[in-house]
1. If a residue has to be open to solvent by less than 50 Å² (accessible area, probe 1.4 Å) and either charged (D, E, K, R) or part of a loop (DSSP other than H, G, I, E, B) (or both) to count, how many in the range B:22-31 make the cut?
2. Filter the range A:33-57 down to residues that are assigned to a loop (DSSP other than H, G, I, E, B) and open to solvent by 50 Å² or more (accessible area, probe 1.4 Å) and give me whichever is farthest from residue A:126 (Cα to Cα).
3. Any residue at all in the range B:94-108 that is touching a residue at least 24 places away in the same chain (Cβ under 8 Å) and of a type in the set (Ser, Thr, Tyr)?
4. Collect the residues in the range A:99-108 that are at the interface with another protein chain (Cβ under 10 Å from one of its Cβ atoms) and open to solvent by 20 Å² or more (accessible area, probe 1.4 Å), keeping them in residue-number order.
5. Looking at the range A:62-97, which of its residues are more than 7 Å from every other protein chain (Cβ to nearest Cβ), within 21 Å of residue A:20 (Cα to Cα), open to solvent by 20 Å² or more (accessible area, probe 1.4 Å) and not hydrophobic (A, V, I, L, M, F, W, C)?
6. In the range A:1-11, what residues are open to solvent by less than 50 Å² (accessible area, probe 1.4 Å) and either touching a residue at least 24 places away in the same chain (Cβ under 8 Å) or charged (D, E, K, R) (or both)?
7. Would you check if residue B:14 is open to solvent by less than 30 Å² (accessible area, probe 1.4 Å) and assigned to a helix (DSSP H, G or I)?
There are 2 protein chains.
Amino acid sequence: MNLFFLYLAICAVPAVAGVLFKPGAWYRDLDKPTWTPPDKLFPVIWAVLYVLMSLAAARIAEQPDNELALGLWSLQIIISTLWSAVFFGKQRIKTGAIVIAALWFAVLATTVSFLRLDTLSAVMMAPYLAWGTFALALNLSVLKRNPAAVT
Amino acid sequence: MNLFFLYLAICAVPAVAGVLFKPGAWYRDLDKPTWTPPDKLFPVIWAVLYVLMSLAAARIAEQPDNELALGLWSLQIIISTLWSAVFFGKQRIKTGAIVIAALWFAVLATTVSFLRLDTLSAVMMAPYLAWGTFALALNLSVLKRNPAAVT
């Protein structure tokens, strides 16, 4: 059974979190690095990543001994849901950096476990790992530039 | 491989969300039914449910053709993370009721899919389904009793 749509339904949950906890006046007024992408780009990037990671997970679901890989996939997607709520909801830049660092390790572990089962699935996770690295750097830069906003 | 600890690590994410988005003055001042449990009981109940649902998932991970069941398990746990952020974070009672209704269906679907693979795993999900029913009723009662607080 192809589970692509179930995985995409799971991705809909962090997407809803992203819509509920979105950039507002607080984020706009933070000191951000010049390489910060425009707000409008984020949902587009995440939509592409959701499709890619769901396709990858659906391929992995057809492999034997996939429980660890799919478990790590679930771990990374649930951490990403928490991040929006922590960063934009609670406006906690430091806790957000800790959460996104945990996300980065979870995405790395997912990608490595996918690589052991199916090369193409790991390739489909690569853009997410790249984006995770970029997002972690952005969160850390915002943390460093706004000491007064850190609670 | 026994994946109990990976599933418990996934459950740690909604637990963190529950700590960050917890009952405060807003929730205290809402009109709640007499059968509302005391605040202190909620983390205890969830801790028990996390252990039971992780034990159940670890048993299911050893069954063949478990992808749909484990995918539904991931869907329910990610929806539960969203609920705390929506209800206590955004203080949206109506959206919270929609999220918890979605959670209830996801827990039901998970339990049914577990039942097809391993009876004991489904039994370990039963307290969660019972709690989900109670929590949905509580959210709906709070929604009905506080029309002025619904945004």
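The values are calculated or read from the model by the stated rules, or taken from the named source; none is laboratory data. This is a predicted model, so every value here is computed, not measured. Note that we place each Cβ from the backbone using ideal geometry, even for glycine, and neighbour counts take in every protein chain shown. Ligands, DNA and RNA are excluded from the accessible area calculation, which covers all protein heavy atoms including side chains. Shrake-Rupley method; radii C 1.70, N 1.55, O 1.52, S 1.80 Å.
1. Here is the first cut: in the range B:22-31, the ones open to solvent by less than 50 Å² (accessible area, probe 1.4 Å) are B:24, B:27, B:30.
If we keep only those that are either charged (D, E, K, R) or part of a loop (DSSP other than H, G, I, E, B) (or both) as well, we get B:24, B:30.
Residues meeting the conditions: 2.
2. Among them, the one singled out is A:34.
3. The answer is no, given that none of the residues of the range B:94-108 is touching a residue at least 24 places away in the same chain (Cβ under 8 Å) and of a type in the set (Ser, Thr, Tyr).
4. Of everything in the range A:99-108, just one residue is at the interface with another protein chain (Cβ under 10 Å from one of its Cβ atoms) and open to solvent by 20 Å² or more (accessible area, probe 1.4 Å), namely A:102.
5. A:91, A:92, A:94, A:95
6. Restricting attention to the range A:1-11, the residues satisfying the condition of being open to solvent by less than 50 Å² (accessible area, probe 1.4 Å) are A:3-4, A:6-7, A:9-11.
Hits for the range A:1-11 are A:3, A:4, A:7, A:10, A:11.
7. Numbers: open to solvent by less than 30 Å² (accessible area, probe 1.4 Å): yes; assigned to a helix (DSSP H, G or I): yes.
Yes; evaluated as a whole, the condition is true for this residue.
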